[in-house]
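*Asks:* Structure provided below as structure tokens; questions to follow.
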Amino acid sequence: VVGGVVAPIQAHPWVTAIYRQRRGFLCAGTLIAPCWVLTAAHCFADGDPKLQQLSVYLGKSALNETDAEKEQKFTVEQLVIHAEYNSGGVDYENDIALLRIRGSDGACAARTDWTRTACLPPLHTKLPAGTRCTVAGYGREVDGGLYNSQYLREAKIQLLSQGVCRSNYAEKLTDNMLCAASPDWSRDACQGDSGGPLVCETGGRAYLFGVVSWGDGCAQRNNPGVYTRLTNYNGWIGEKTGLPSFTDG
Ligand code: 4AZ
């Protein structure tokens, strides 16, 4: 996150850190049900990883520190990458994937002070441009930086209209994507934040509206951050998880 501030995991208790054996931190994700983490399909773009190579952590405020009291660790039982990822010749189209997680005791995530599920928006929710949102992640603090942030960070940004975003990105932007930026272009998601949450407030409650997906650089004028538009995927998430609550709103 560029232009953000350090945030304790309690402030974003659904944030998930996904690691790949021997490569270290891979991507962020968001816990949407005790057994299910939502992330970006492009995290797995360089070939399907062996599931045994993945590990998933909840309750992590710092990437390179272990706090056993707060953390929960999981293996991945199932990886579901959207079948139409990158379809129609459009990069990052349907940039969404699900991980089914399992603890060493066979259980899924337990709710604690540091871990809870994020809510998906009610069906047919539409948010106006200017809606206030927060992006969180462990990614780069500067555009082109070499290292991820040691600590989880957050930045307040706002939704852009699809028309304005299209004037920036033209055909690269589809209706399955949404754009957000800060009015002065100083705050944005960046490399390493992929898969993490964009949470926006509507009706006095916060919902998961986006998955960090792509953008032209980070915090560059007229290059907003682009997110997978989750309101288009209630049906897909319901179908893949078998949890009817997502489809029924
Ligand atoms: C990336 O490389 C990436 N500014 C993620 C988000 C953004 C740019 C790049 C948005 O994963």
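*Asks:* Would the range 99-112 turn up any residue that is outside any loop (DSSP other than H, G, I, E, B), closer than 25 Å to Trp214 by Cα, open to solvent by 30 Å² or more (accessible area, probe 1.4 Å) and in contact (Cβ under 8 Å) with a residue 24 or more places away in the chain?
*Replies:* Yes, the conditions are met somewhere in the range 99-112.
*Asks:* Moving on to the next point. With the condition being near the ligand (Cβ under 9 Å from one of its atoms), I'd like the strands (runs of 3 or more DSSP E) fully within the range 134-249 carrying at least 1 qualifying residues. Steps first, please.
*Replies:* Details: elements: 153-159, 177-181, 197-202, 205-214, 225-229.
Result: 177-181, 205-214, 225-229.
*Asks:* Find the residue count for the range 23-57, including only residues that are part of a strand (DSSP E or B) and either farther than 13 Å from Leu99 by Cα or of a type in the set (Val, Ile, Thr) (or both).
*Replies:* Pass one, the range 23-57, residues part of a strand (DSSP E or B): 24-33, 36-39, 54-57.
Restricting the remaining residues to those that are either farther than 13 Å from Leu99 by Cα or of a type in the set (Val, Ile, Thr) (or both) gives 24-26, 30, 32, 37, 39, 56.
So the count comes out to 8.
*Asks:* What pairs come out if I take residues in the range 35-53 that are under 13 Å from Tyr19 (Cα atoms) and among the aliphatic types (A, V, I, L, M) and pair them with residues that are open to solvent by less than 10 Å² (accessible area, probe 1.4 Å) and in a helix (DSSP H, G or I) whose C-beta lies under 7 Å away, six or more apart or interchain?
*Replies:* If the second residue must be open to solvent by less than 10 Å² (accessible area, probe 1.4 Å) and in a helix (DSSP H, G or I), no pairs are left.
The values are calculated or read from the model by the stated rules, or taken from the named source; none is laboratory data. If you're wondering where the values come from, they're calculated on a predicted model, not measured in any experiment. Heads up, the Cβs are rebuilt from the backbone with ideal geometry, glycines too, and the neighbour counts pull from every protein chain shown. The area values use the complete protein model at the heavy-atom level, side chains included, leaving out ligands, DNA and RNA. Shrake-Rupley method; radii C 1.70, N 1.55, O 1.52, S 1.80 Å.
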